[in-house]
Amino acid sequence: MSITKLLPNKADKTVYNLSNYEESLAGFSWKEVEKQFTWHTTGKVNVAHECIDRHVEDGYGEKTALHYLDGEQEIKLSFAEVKKQTDHLATVLKNNGVQKGDIVFIFLPKNPACYIAMIAAVKIGAIAGPLFEAFMEEAVKDRISDCQGRFIITDTELGKRIPKKDLPSLEKIFVTAEPEQCDADEISLNELLRNTAPEENATEWVDLEDGLNIHYTSGSTGKPKGIIHAHRAMIQQYQTGKWVLDLKEEDVYWCTAHPGWVTGTVYAIFAPWLNRATIVLNGGRFAADSWYSAVEKAGVTVWYSAPTAFRMLKAEGDEILRRYDLSTLRHLLSVGEPLNPEVIHWGNEKLGLRIHDTWWMTETGAQLIVNLPSEVIKPGSMGRPFPGIEVAVLGEEGEIQPAGEIGHLAIKAPWPAIMKEVWKNKEKYASYFQFGEWYLSGDLAYQDEEGYVFFQGRSDDMINSSGERIGPFEVESKLIGHEAVAEAGVIGKPDAVRGEIVKAFIVLKKGYENSPELLEDIRKFVRYELAAHAAPREIEVLEELPKTKISGKILRRELKVLEQERLLKA
Ligand code: PRX
């Protein structure tokens, strides 16, 4: 059976065809998927080649690869143009000492330069390390210093947030600007590009197992960890792009995430370009007007976002929605946090489309639990395992739980996109595999008789605000850096729009009085030094924090119970 013909060509809004799922499971093999790639026959591997250059070779050079919108500004780049620009930047990077295996941090807003930098870094076999544009000094410092990063590409604005003096490992700071706009320790990329003749084919061939990208991600303890993925991830990124995003050559596809979140790398860049789709990139922050207008102007057909964004659109009401022609949309998807049934209903009612939930993690490298376009959606469930993926719910001893029982959501390793390593942290890597071949996600869930997975929360203290994973430890560490804060415990508090908000409980140092001004000052301290999304939306002062008797560790669990009791009373 041909694996490319299992699903119907167009996402069908009304006809459910359960047999597809069983069929795709039966005929599936990752080995077959591999045959889609040029490396399968040439033996030469590079994701950048499979995303861009091969399409030019195959005669699609004139096709629009990227449609960028920012207010009134619009830029369209063809695959040939993206090839040219990435070859050029790749040559510049190579000439400036970047070698295969080096990490190149990319700290740019959502714009074409950011996407070009991602592909150019990958093209020369470097590991692309996109940093979220909202990161402030501390967040940037923690990440670059952890892996002793030597190279970064940034712009004049974000470049100001790189604490250069505290980062002795940084050798070259490439800035997308003219020399006169750069600081003394920055290098003008504009000038380098002017003075460099591009290699026509700058691609460095790598192995499937070589590093592709690094994303720092939060756990419940310690600083963020660097999760590294390998080029082999493309196998799964391609296939989920094809079957889950349902991407066809004629699709105009928009994933709203910034590459600093793994979704914004894997599903905004790699998966769609591996499938030769046209990517839409909308600059600026969330605004309903700008988002609807981008869908209309670009003629978006497939749209991938997060529940918080859909809830924010819903909250903006119908009047604004009616002002735009959204009729090109044919397939909607969501990721990152629980997709509540109200949002699914909003999609049905207002856009006439079902929103398809997908589940995965930074560590997993690609989607694992999904709603294929032709399947029944059970509101409250994240869907079923993608073909070729084995999921189980485990009990405390690693025993497989029967249907309906809540336990630890686990995936049988390996799968093509699973992380390659945690940067210099074997112990952390091993912590995911306490039960042998089962990768432990840290999520709690149950499966029903048909294999649908229902998310039930986290088994640790990780916070998920607007789909963004926030480690309480990182926020607590920053909070106690404020002169007035003696101790801090940070939890996620349920919130109707954001899923959870960051709430901090603090104990003040002697001599400090609780006041709204002081709390605002503390909030801003986190906001402007760590990141806006990590800044507590609520701060509460307590006399003392609950702690374990022996080690004196702050008991976030009890802070959560305190908050829950209040919510129940309210
Ligand atoms: O708790 C799960 C939640 O997000 C976590 C992964 O976060 P991150 O690595 O930032 O994800 C990046 C790519 C999605 C998971 O452990 N999560 C993710 N998807 C869903 C979800 N929670 C509920 N429903 C989902 N569909």
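The values are calculated or read from the model by the stated rules, or taken from the named source; none is laboratory data. All values derive from a computational prediction rather than experimental measurement. So basically every Cβ, Gly included, is an ideal-geometry build from the backbone, and we count neighbours across all protein chains shown.
When the residues of the range 337-359 are filtered to those that are within 16 Å of the ligand (Cβ to nearest atom) and part of a loop (DSSP other than H, G, I, E, B), the one that is farthest from Val370 (Cα to Cα) is Asn340. Within the range 236-253, the residues that satisfy the criterion of being touching a Pro at 6+ places or on another chain (Cβ under 9 Å) and more than 13 Å from the ligand (Cβ to nearest atom) are Gln236, Gln239, Gly241, Trp243, Leu245, Asp246, Leu247, Asp251, Tyr253.
Residues in the range 41-55 that are over 21 Å from Ala126 (Cβ atoms) and surrounded by 13 or more Cβ atoms within 10 Å (Cβ to Cβ): His55 only.
Look at (1) within 14 Å of the ligand (Cβ to nearest atom); (2) farther than 30 Å from His231 by Cα and you find that Gly407 fails only one, number (1).
Return the total of residues in the range 313-338 being within 19 Å of the chain's Cα centre (by Cα) and on the phi < 0 side of the Ramachandran plot.
Initially, the range 313-338 is screened for residues within 19 Å of the chain's Cα centre (by Cα), giving 332-338.
If we keep only those that are on the phi < 0 side of the Ramachandran plot too, we end up with 332-335, 337-338.
Looking only at that region, the number is 6.
The rows are residues; the columns are (1) buried (at least 21 other Cβ atoms within 10 Å of the Cβ); (2) within 20 Å of Ala90 (Cβ to Cβ); (3) of a type in the set (S, T, N, Q).
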residue	(1), (2), (3)
Lys110	yes, no, no
Glu157	no, no, no
Lys160	no, no, no
Ala177	no, yes, no
Glu180	no, no, no
Leu192	no, yes, no
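When you check Asp70 against the structure, is it closer than 20 Å to Arg285 by Cα and surrounded by fewer than 20 Cβ atoms within 10 Å (Cβ to Cβ), yes or no? Steps first, answer last, please.
Working: closer than 20 Å to Arg285 by Cα: yes; surrounded by fewer than 20 Cβ atoms within 10 Å (Cβ to Cβ): yes.
For Asp70, the condition - closer than 20 Å to Arg285 by Cα and surrounded by fewer than 20 Cβ atoms within 10 Å (Cβ to Cβ) - is met.
Can you find a residue in the range 457-467 that is away from the ligand (no atom under 15 Å from the Cβ) and in contact (Cβ under 8 Å) with a residue 12 or more places away in the chain?
Taking the range 457-467 first, the residues away from the ligand (no atom under 15 Å from the Cβ) are none.
No - not one qualifying residue is present in the range 457-467.
If you filter the range 422-466 down to residues that are of a type in the set (A, V, I, L, M), out of contact with any Leu (no Cβ under 9 Å at 6 or more places or on another chain) and outside any loop (DSSP other than H, G, I, E, B), you find that the one that is surrounded by the fewest Cβ atoms within 10 Å (Cβ to Cβ) is Ala430.
For Met419, the conditions (1) touching a Gly at 6+ places or on another chain (Cβ under 9 Å); (2) within 11 Å of the ligand (Cβ to nearest atom); (3) not in a loop (DSSP other than H, G, I, E, B) are fulfilled apart from (3).
The number of residues in the range 372-391 that are buried (at least 21 other Cβ atoms within 10 Å of the Cβ) and without any contact (Cβ under 8 Å) to a residue 24 or more places away in the chain comes to 0.
So which residues in the range 360-377 are within 13 Å of the ligand (Cβ to nearest atom) and of a type outside the set (A, V, I, L, M, F, W, C), if there are any at all? Even if it seems obvious, please write down each step before you answer.
We begin by selecting, within the range 360-377, every residue within 13 Å of the ligand (Cβ to nearest atom); these are 360-371, 377.
Scanning the range 360-377 gives Thr362, Glu363, Thr364, Gly365, Gln367, Asn371.
Given the criteria surrounded by fewer than 21 Cβ atoms within 10 Å (Cβ to Cβ), in the same structural domain as Gly211 (by TED's automatic domain parsing), closer than 13 Å to Ile152 by Cα and out of contact with any helix residue (DSSP H, G or I) (no Cβ under 8 Å at 6 or more places or on another chain), does Asp102 qualify? Yes. On inspection, Glu500 passes the criterion of being in contact with a Ser or Thr (Cβ under 7 Å, 6 or more places away or on another chain) and closer than 30 Å to Leu131 by Cβ.
Among the residues of this structure, Thr278 does not count as one that is within 14 Å of the ligand (Cβ to nearest atom) and hydroxyl-bearing (Ser, Thr, Tyr). Taken over the range 479-525, the criterion of being modelled with pLDDT under 95, hydrophobic (A, V, I, L, M, F, W, C) and within 26 Å of Met312 (Cβ to Cβ) is satisfied by Ala496, Val497.
Here Ala413, Ala403, Ala417 are screened, and the one residue that is modelled with pLDDT of 95 or more and under 20 Å from the mean Cα position of the chain (by Cα) is Ala417.
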